[in-house]
Every structure is written in C-alpha cells, then in structure tokens.
Amino acid sequence: DSAVGREVALKELLPPKLGSGTSRVTDSPELVERFLREAKVTGQLEHPNIVPVYEIATREDGSVFYTMKLVRGKTMAHRLLQIQNSNAAPQQKLAERLKLLDAFTDVCNAVAYAHSRGVIHRDLKPANIMLGEFGETLVLDWGLARVRGQEDSSGVRRKAEKQAFSPSLLKDDTSGGTLDGAILGTPAYMPPEQARGELDKVDERADVYALGAMLYEVLSGVPPFEGSNARDVLAKVLVLKPESLQKIAPHAPPDL
C-alpha cells in the first residue's frame, strides 16, 4: 500500500485463460457477487480474530479486488498435520495439539461475535484458521458466509433449479476442499443438514457443529470423518456418528 507504506494481502478473481487449461470467468455475475459479498461481510466484522479488510476497489478494466491485513504464519491445518507427521509419541503429540486450545478459544470468540452480527460462516475448518507468528489467531475465508435477513443467492438458485442431493453435483471432489455446488462447505466439518444441501436449515448451529469438529480434531489428531474423496466423507456424515473420542483419544482430558 504505497499511500500508507505497509504490505497488504490482495485478493482478486483470476482472469480467464486463453487456450487450454483451467480458467476463471471474471464476468460471471455469480462469482463476482460471491467475491464482493465475502469482502463486504469480512469488512463489517471488526474483531481482533477476524482478518480486517482495508479496501474494495475496481481497476480500469472492470476487474475487482480487495486488500486486507497481511498475516504471516501457518494455518491450524498445517500445524495439525505437522504434529501428526512428527516422530513424537502419541501422548507428546496430544500435548502439542492441546497447545492449540488458546487459538481455538479465539476462534470461538470470533464466531460468537459474527453470530451476534447475524453472520454465519458455513465453512469453519482448521485450514481457514491462520496462526500468526506472534500469537495472533485469525478466522479467514468468509466466501460462503450467510447474513441473516439477506437473500442467500446460493439457496435461492438451488431451489429454482429444484436440485436434489447428488454426489455428481459436487464441484470439488477433494476430501478437504470447499464445495461450491449444490452443497456448500467442507464435508468433514459440516452437519448432516448442510451435507444434504438443505441450505435453508443451515444456521448458527452449523458453525457450532464445525467448531465441535475442529475440537474433535485437536483432541484426536483426525477429523470426525475421513474418506478418499468428498463423496465418501459426505456419505459418512449423512448416516454415521463420529467414533468415540474415549476410544481413539483415551488420554485426552475428559472435560474437553
């Protein structure tokens, strides 16, 4: 930011590629709407544990972008994987994961604040939690957020098309990726109603469920449900209950 003299993070929609290869269509009203909604929702949430937005702007060619605080660090997902892949004994791994509880509490406070403002995140997961180099914890990626009292374009579109749940409708088939098709969110951390694509039933409780799933992973080292792809995980979310923590993490503090 040449005006202030600070480094910022800049987020933008990628321009379409010519020829072969993956492309993003910047003139898609749906994509632009979601992009701007994320910027505006995030910018309205002024909380120490939510990344602040500095500017939303349009270039001369009509493309949009926004800037936000640049946070250096690693995601909670990266830290959990780092601990899981270490050669430490199981109890030492648990001790390292329990150090993330302070950050998890910060996330809970940020989500409670968002809910007080009528905002539901809908994609809470360790990959969307940034752990800064100096103890900061920031909740990122509000692209799927829903604001109470505002029209949910995703839900309206899905109703208009009368889409029933079908794995073939998924637009991201990785087990940990964010889905943006008939179903919104990340399978391993979403409640059954969200997994069924019943967006009108997804409220603050869905975020609370996701927080519980994150706590489950902090205590056990694994998310509540795993699979080789999103379809496998969704199928488990719909019909199974997570395995008992007492069984897979017997040394975890009983109170937690």
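The values are calculated or read from the model by the stated rules, or taken from the named source; none is laboratory data. Predicted model, so just to flag it, every value in this text is computed and none were measured. Methodologically, a virtual Cβ is constructed for each residue, glycine included, from the backbone with ideal geometry; neighbour enumeration extends over all protein chains shown. Calculation scope for accessible area: heavy atoms of the full protein, side chains included, ligands and nucleic acids excluded. Shrake-Rupley method; radii C 1.70, N 1.55, O 1.52, S 1.80 Å.
What to note about this one:
- Subset of the stretch 184-217 [part of a helix (DSSP H, G or I) and aliphatic (A, V, I, L, M)]: ALA188, ALA195, LEU199, ALA206, VAL208, ALA210, LEU211, ALA213, MET214, LEU215
- Number of positions in the stretch 224-241 that are part of a loop (DSSP other than H, G, I, E, B), of a type outside the set (A, V, I, L, M, F, W, C), open to solvent by 60 Å² or more (accessible area, probe 1.4 Å) and at pLDDT 90 or above: 2
- Candidates are the residues of the stretch 62-115 that are part of a helix (DSSP H, G or I) and of a type in the set (Phe, Trp, Tyr); the one that is surrounded by the most Cβ atoms within 10 Å (Cβ to Cβ) is PHE104.
- Scanning the stretch 1-42 for residues that are among the β-branched types (Val, Ile, Thr), modelled with pLDDT of 85 or more and either farther than 26 Å from GLY118 by Cα or touching a His at 6+ places or on another chain (Cβ under 6 Å) (or both) turns up VAL4, VAL8.
- Of the residues making up the stretch 123-143, those that are open to solvent by less than 10 Å² (accessible area, probe 1.4 Å), in contact with a strand residue (DSSP E or B) (Cβ under 8 Å, 6 or more places away or on another chain) and in a loop (DSSP other than H, G, I, E, B) are ASP123, LEU124, TRP142.
- Meets criteria (of a type outside the set (S, T, N, Q) and either modelled with pLDDT of 95 or more or more than 19 Å from GLN44 (Cα to Cα) (or both)) for GLU161: yes
- Residue count for the stretch 83-128 under the criterion of being of a type in the set (Asp, Glu), closer than 30 Å to LEU199 by Cβ and touching a helix residue (DSSP H, G or I) at 6+ places or on another chain (Cβ under 9 Å): the result is 1.
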